[in-house]
Amino acid sequence: MTVQTLTIGKRRFVLVPERDFQRLQKKAVLSVRPEFAAEAMRELKAYRKTGKASDWRNVKRRLGL
């Protein structure tokens with residue numbers, strides 16, 4: 001990946017070829033799946049209420065893992 005920096009005023013910008021940018025963007029989207037984050041928040045709220053953690057097998061089953 002070829003990267004170039006550009007300074008305009010006091011700000012620095014990084015220029016990346018479009019193809020590399022799209023590849024990085026796909027990796028970022030795939031690394032954070034919204035359903036995992038939502039499930040984690042539900043589990044945290046339930047744990048805070050009851051003080052008891054859910055069984056890992058149930059969590060995996062709900063997420064389809």
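Here the helices (runs of 4 or more DSSP H) wholly within the chain that include at least 3 residues being of a type in the set (Lys, Arg) and at pLDDT 80 or above are 18-31, 34-50. The C-beta contact set for region 36-65 (first residue free of Cβ contacts under 8 Å to residues at least 40 places away in the same chain, second residue surrounded by 12 or more Cβ atoms within 10 Å (Cβ to Cβ) and among the acidic types (Asp, Glu), distance under 9 angstrom, 6+ apart or interchain) comprises Ala53/Glu43; Ser54/Glu43; Val59/Glu39; Val59/Glu43; Arg62/Glu39; Leu63/Glu39.
The values are calculated or read from the model by the stated rules, or taken from the named source; none is laboratory data. If you're wondering where the values come from, they're calculated on a predicted model, not measured in any experiment. Ideal geometry is used to build each Cβ from the backbone, glycine not excepted, and the neighbour counts take in all protein chains shown.
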